[in-house]
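See structure below.
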Amino acid sequence: MGGYDPYSSSKGCVELLSSSYRRSFFEKRNINLSTARAGNVIGGRDWAKDRLIPDVVRALSKNQEIKIRNPKAIRPWQHVLEPLYGYLLLAKETFESNQFVGAWNFGPYDSDILTVEEVVKLAIKKWGKGSYIEEKNIEKLHEAMMLKLDISKARYYLKWEPTYNSTQAIEKTIEWYKYYFESTSDMFEYTQNQIEEFENEIEVKKWKKI
């Protein structure tokens, strides 16, 4: 368990540390501990620097050209509500039973991962205008070209499934930012509406399986 770079290795470190605490201290006290990892999470109100969607939105809102580092890098993009729903399911089950302790992944289907360039193109399309270029003359640190998560455990035991595909996740995210820049209405109410839409989609998918 590990990775080429410190960021990837840190993921393995967390799992090893959590597992050691679970076995050494928590099991004998009947304390259940689970860990959860998400994909590349996107959604409204993320203004962090050096993150793809916030950088894209800042450029689009100022009519500036979007600059991207690794257009062909593939990532497991997902809307922020996807892993949050998974975390809540996992917290409930872990609280009620030690059968759910351990490590869990929440991400998109393997067939639904996109490149950075594809994400940028979808964002521009949803925004209505914009352009991008690849940054050429910059020092690039090591980055894995493909990242994905095995979500089979969550699908089988928690009955958790992705609700939005990657395209829908990007569209919902850009809709939030467009509303932020173009409307004077309350963003809390708009965000609440997006959450309710997501919850309704979950219920619709449940009914379709019956």
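A few remarks follow.
- Any hit, segment 9-30, residues being among the β-branched types (Val, Ile, Thr) and out of contact with any Phe, Trp or Tyr (no Cβ under 9 Å at 6 or more places or on another chain): yes
- Residue match in segment 22-45 (condition: assigned by TED's automatic domain parsing to the domain that holds Arg155 and among the aromatic types (Phe, Trp, Tyr)): no
- Residue within segment 34-41 that is over 30 Å from Glu118 (Cα atoms), under 16 Å from the mean Cα position of the chain (by Cα) and in contact (Cβ under 8 Å) with a residue 40 or more places away in the chain present: yes
- Options Pro83, Pro71; residue that is surrounded by 12 or more Cβ atoms within 10 Å (Cβ to Cβ), closer than 30 Å to Ile138 by Cβ, in the same structural domain as Lys129 (by TED's automatic domain parsing) and not polar (S, T, N, Q): Pro71
- Count - residues of segment 53-98 that are in a helix (DSSP H, G or I), more than 28 Å from Ala154 (Cα to Cα) and free of Cβ contacts under 8 Å to residues at least 60 places away in the same chain: 3
- Test: residue in segment 192-210 that is in a loop (DSSP other than H, G, I, E, B), at negative phi and either β-branched (Val, Ile, Thr) or free of Cβ contacts under 8 Å to residues at least 60 places away in the same chain (or both): yes
The values are calculated or read from the model by the stated rules, or taken from the named source; none is laboratory data. Because the structure is a prediction, the values reported are computed rather than measured. A quick note on method: Cβ atoms are made from the backbone with ideal geometry, for glycine too, and the neighbour counts reach across all protein chains shown.
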